[in-house]
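Asks: Handing you this structure, nothing more for now.
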Amino acid sequence: MKNEEIVIEELNTLLRGTYLGIHALEHHIQHLDNTDLKRKFQSMQQESKQNAQKLAERIQDLEGVPADSEGVSGKMHSFMHDRMLSENTRDILEDALKGVDNYGVQYSEEVAKGDLDLESKRIVEEIINNNRRHADELSQLLH
């Protein structure tokens, strides 16, 4: 596998994870009653959609085909997540923080350690920093 193909696959892995996060935020939004929290989650979801667009454009720039969903296993996870999500606001905030921190930051950092070219690495680091900010905001809302 050529280096560019590896980069495309790593970026697509992050893109599928980003789609999973977008859908998780949608589940949270549907379960929230608080208007201000709903707006905060909607804002985070919009930024995640912009991140997905950046990843897709970079994959296309590398002559790859961007993923258009979270994938089969991601869809199964998303379905189960929606069914198991609590109606309790604190539980929703904790679930969102866990998702953003575990996947949006930590897992993304592992992928970013791979064989990314400089431009791809810059984009991924920007996305990770956005996710860190989201995790900080969620943490503050919990305390």
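The values are calculated or read from the model by the stated rules, or taken from the named source; none is laboratory data. Treat the numbers as computed from the prediction; the structure is a model and nothing was measured. Here Cβ is always computed from backbone atoms with ideal geometry, including for glycine, and neighbour counts include all displayed protein chains.
Asks: Just give me the residues in the stretch 2-47 being over 21 Å from Gln106 (Cβ atoms) and small (Gly, Ala, Ser), in sequence order.
Replies: Result: Ser43, single match.
Asks: Within the bounds of the stretch 62-76, is there any residue that is modelled with pLDDT of 90 or more, surrounded by 15 or more Cβ atoms within 10 Å (Cβ to Cβ) and not aliphatic (A, V, I, L, M)?
Replies: yes
Asks: Here's something else I'd like to know. Of everything in the stretch 43-59, what is of a type outside the set (Gly, Ala, Ser) and either touching a Leu at 6+ places or on another chain (Cβ under 8 Å) or free of Cβ contacts under 8 Å to residues at least 12 places away in the same chain (or both)? Give them in sequence order.
Replies: Within the stretch 43-59, Met44, Gln45, Gln46, Gln50, Gln53, Leu55, Glu57, Arg58, Ile59 meet the criteria.
Asks: Please enumerate the residues belonging to the stretch 123-138 that are touching a residue at least 40 places away in the same chain (Cβ under 8 Å) and surrounded by fewer than 14 Cβ atoms within 10 Å (Cβ to Cβ).
Replies: Listed by number, the list holds a single entry, Glu126.
Asks: Moving on to the next point. Does the stretch 84-99 include one or more residues that are closer than 21 Å to Glu57 by Cα and among the aliphatic types (A, V, I, L, M)?
Replies: No, because not a single residue in the stretch 84-99 is closer than 21 Å to Glu57 by Cα and among the aliphatic types (A, V, I, L, M).
Asks: From the set of residues in the stretch 103-122 that are farther than 13 Å from Thr18 by Cα and crowded, with 20+ Cβ neighbours inside 10 Å, which is nearest to the chain's Cα centre (by Cα)?
Replies: Within the stretch 103-122, the match that is nearest to the chain's Cα centre (by Cα) is Ser120.
Asks: Is it the case, given these coordinates, that Gln42 is out of contact with any His (no Cβ under 9 Å at 6 or more places or on another chain), under 14 Å from His134 (Cα atoms) and at pLDDT 95 or above?
Replies: yes
Asks: Out of (1) surrounded by fewer than 20 Cβ atoms within 10 Å (Cβ to Cβ); (2) among the hydroxyl-bearing types (Ser, Thr, Tyr); (3) assigned to a helix (DSSP H, G or I); (4) modelled with pLDDT under 95, what's the single condition that is false for Tyr19?
Replies: Of everything listed in (1) surrounded by fewer than 20 Cβ atoms within 10 Å (Cβ to Cβ); (2) among the hydroxyl-bearing types (Ser, Thr, Tyr); (3) assigned to a helix (DSSP H, G or I); (4) modelled with pLDDT under 95, Tyr19 misses just condition (1).
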